[in-house]
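See below for the structure under consideration.
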Amino acid sequence: MGRRVLVAGVGMVPFVKPGAARTYDEMGAGAVRAVLADAGLPYERIQQVYAGYVYGDSTCGQRVVYGFGLTGVPVVNVNNNCASGSSALWLARQAVESGAVDCALALGFEQMPPGALGAKWTDRPNPLTDFSAVLKDVYDVDPALPMTPQYFGAAGVEYMEKYGMRPETFAKVSVKARRHAANNPYAVFRDPITERDVLDSPHMAGPLTRLQCCPPTCGAAAAIVCSEEFARRHGLEPKVAIAAQALRSDAAGLFDKKSAMSLVGTDVTRAAAGEVYERAGVDPRDIRVVELHDCFTVNEVLTYEGLGLCAEGGAEEFILSGDNTYGGRVVTNPSGGLLSKGHPLGATGLAQTAEITWQLRGDAGARQVEGATLGLQHNLGLGTAGVVTLFEKVS
């Protein structure tokens, strides 16, 4: 480990439905203005920029930050599927921790089209070809339906067959997400829903119904990380630090396992979380607040176990006992998560970072998790990229 990395500031803009959004450069600029104001820094103090996005041409990051000044600093554009924002943070953290720079900006934004995600480049090999081949071996894929919910639907079927979980329990995750989002002005969907609403919404794949699938949205978020010396030199008093962070991709044997749960990143999540806990010397039972990648209710359930929040096969009891919400052992997705806040791909990981930072600073308002000194963030992109970050309150 190198130097301690502090979170000097965070910022984001409210997420909105496609068609109602400003352009990506305007949303990105809004997030940069917010993070600079939160940190109390001018843009000229930023020494490197990492910009995460998926749907956009090359050098969109430059388009966003050039409005704040042509300072000549490196701007690196990052595409790691749905983990792009957290991958940008991972790079910024590495730059500060290694001593390459003293202050870096991680930025994520997405101007998304409406509807389910689909391939944009059909004249070349699809990066998920090997994944889809295995999926077809274990699940009755419907070529007329979007592929992404079928991956997670198949994982849900596998989990149900393995542990006996009921479809109604998956639905409870969506209900909880809306309940949390009611207190989040940045979330798209804030109205309450019932378990019956979720189960009666149109069927998608496996146990998944439409209200168990995150909506495509547009938005932007950002974080500034810096060294302790930089903070002292500029009179900053950050209250949050990155205790440990890991970025993992798939390991050997993935495709031989013939497991839909593994295809959607459960092994990657488990490996990244284990690395983080070992580096930080932290037990997951010490963590009170988590922002995790609930692109589908199935993934939230799988991630409970991948992060060690409950025992393997114990997710149903974890949910039914209320240990995943306020009054329980750990509050998962106090922001409302992707299911309610929305999922602008490049912005998601940094929006999670903003929420955890606000929680540890005591700035989360009606969403505040009392007594939280550690916060965990988990962001996953198929193909696969998985980022787990442990944040700690600075005393």
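When the Cα convex hull of the stretch 191-254 is projected onto planes of every orientation, the mean area is 9.6 nm².
Given 20 °C and 1.002 mPa s, compute D for the stretch 32-148 with the Stokes-Einstein relation, Rh being the Kirkwood radius over Cα pairs; round to the nearest whole µm²/s.
On the way: Rh = 16.5 Å.
Result for D is 130 µm²/s.
Before I look further, what does the chain give for accessible area per residue, probe 1.4 Å, in whole square angstrom? Provide the component values of the computation, followed by the final result.
On the way: 15220 Å² over 395 residues.
Ligands and nucleic acids excluded, the result is 39 Å² per residue.
Converting the Cα gyration tensor eigenvalues of the chain into ellipsoid dimensions via √(5λ) gives semi-axes, longest first, of 31, 23, 20 Å.
Taking Cα pairs under 8 Å and at least six residues apart, what relative contact order does the chain come out at, in percent?
Answer for the chain is 26 percent.
With q set to 0.13, 0.27 Å⁻¹, the log10 of I(q)/I(0) for the stretch 261-304, from the Debye formula over equal scatterers at the Cα positions, is -0.31, -1.06.
Report the FRET efficiency, 1/(1 + (r/R0)^6), for Ser98 and Ser395, where r is their Cβ-Cβ distance and R0 is 25 Å, rounded to 0.05. Walk me through the numbers on the way to the answer.
Details: r = 25 Å, r/R0 = 1.00.
About 0.50, to the nearest 0.05.
The relative contact order of the stretch 1-121, computed from alpha carbon pairs under 8 Å that lie at least 6 residues apart in sequence, is 33 percent. Over the residues of the chain, the helix contribution to mean residue ellipticity at 222 nm works out to -11000 deg cm²/dmol, using -39500 (n - 2.57) for each DSSP H run of at least 4. By a straight-distance test (C-alpha under 17 Å), which aspartates and glutamates pair with Lys17 as possible cross-link partners, with residues fewer than eight away in the same chain excluded? Qualifying aspartates and glutamates at Cα under 17 Å: Asp25, Glu26, Glu110, Asp191.
Per atom type, the chain shows carbon and sulfur on 49% of its accessible surface, probed at 1.4 Å. By DSSP, the beta bridges lying fully in the chain are antiparallel in about 70 percent of cases.
Could you give the semi-axes, largest first, of the ellipsoid that matches the stretch 245-355, computed as the square roots of 5 times the alpha carbon gyration tensor eigenvalues and rounded to whole Å?
21, 17, 16
Rg and Dmax of the stretch 98-227, both derived from C-alpha coordinates alone, stand at 18.7, 54 Å. What would the Debye formula give as log10 I(q)/I(0) at q = 0.12, 0.15, 0.16, 0.26 Å⁻¹ for the alpha-carbon point model of the stretch 5-99, no solvent? One equal scatterer on each Cα of the stretch 5-99 leads to -0.37, -0.60, -0.68, -1.79.
From the largest down, the stretch 301-395 spans 35, 33, 26 angstrom on the principal axes of its Cα atoms. The calculated FRET efficiency for the pair Asp142 and Ser249, based on their C-beta separation and a Förster distance of 30 Å, comes to about 0.60.
In terms of overall dimensions, the C-alpha atoms belonging to the stretch 13-62 reach 34, 24, 12 Å along their principal axes, ordered largest to smallest.
Ellipsoid fit via the Cα gyration tensor, the stretch 202-306: semi-axes of 32, 20, 13 Å, each the root of five times an eigenvalue, largest first. For the chain, the dipole from Cβ point charges (+1 on Lys and Arg, -1 on Asp and Glu) about the Cα centre works out to 780 debye, to the nearest 20.
The values are calculated or read from the model by the stated rules, or taken from the named source; none is laboratory data. Everything numeric in this text was worked out from a predicted model, so none of it was measured. Every residue, glycine among them, receives a Cβ derived from its backbone with ideal geometry; neighbour counts consider all protein chains shown. Protein only, heavy atoms only, side chains kept; ligands, DNA and RNA dropped before computing areas. Shrake-Rupley method; radii C 1.70, N 1.55, O 1.52, S 1.80 Å.
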